[in-house]
Amino acid sequence: MTSPADLKFTDTHEWVRDNRDGSFTVGISHHAQEALGELVYVELPDVGRHLAAGEAFAVVESTKAASDVYAPLEGEVLEINDALTTEPQSVNSAPYQAGWLMRIRPADPAALATLMAAADYDSGPGA
């Protein structure tokens, strides 16, 4: 699967979408959800929490394993995807749409440029 070109990626399989309103949406890649298998539980951060780049902010649990999800950028959690508490498998079926995890206000919006382009992710960690 080719990753959406409008997203940026981390080498730990998180994606970031610039919402063009000062906030970013964060989720896990198709590659990551496929490796995990069917998700049965998602633990998300509290709204208002300040995250450091690289800090574990969520846990996704599948029938195979539990895995931490890491903040791709420093920022404040603005919103979480509450629907995942009852429908965690949305991450599997639509990782780039309904399966998003959180929205953040980045401490430095320019830091987005330090993340990988979709093509680089697809030929590297997401291959």
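Each reported figure results from applying straightforward, stated rules to the coordinates on display, with no laboratory input. In this text, all values refer to a predicted model and were calculated from it rather than measured experimentally. A quick note on method: Cβ atoms are made from the backbone with ideal geometry, for glycine too, and the neighbour counts reach across all protein chains shown.
Quick notes
- Chain lengthening between Gln97 and Thr2 when straightened (0.36 nm per residue, less Cα-Cα): 32.7 nm
- Student exercise, the chain dipole from Lys, Arg, Asp, Glu Cβ charges, in Debye to nearest 20: 140
- Taking the convex hull of Cα positions in region 84-127, its mean projected area over all directions (nm²): 4.3
- Scaled against 2.2 N^0.38 Å for its residue count N, the alpha carbon radius of gyration of region 8-117 is 0.96.
- Computed [θ] at 222 nm, deg cm²/dmol, the chain (DSSP H ≥ 4; -39,500 (n - 2.57); rounded to nearest 500): -3000 deg cm²/dmol
- Simple spin-label estimate for Glu87 and Ala119 in nanometres, 7 Å along Cα-Cβ: 3.4
- The calculated FRET efficiency for Glu43 paired with Asp108, based on their beta-carbon distance and R0 = 22 Å, is about 0.25.
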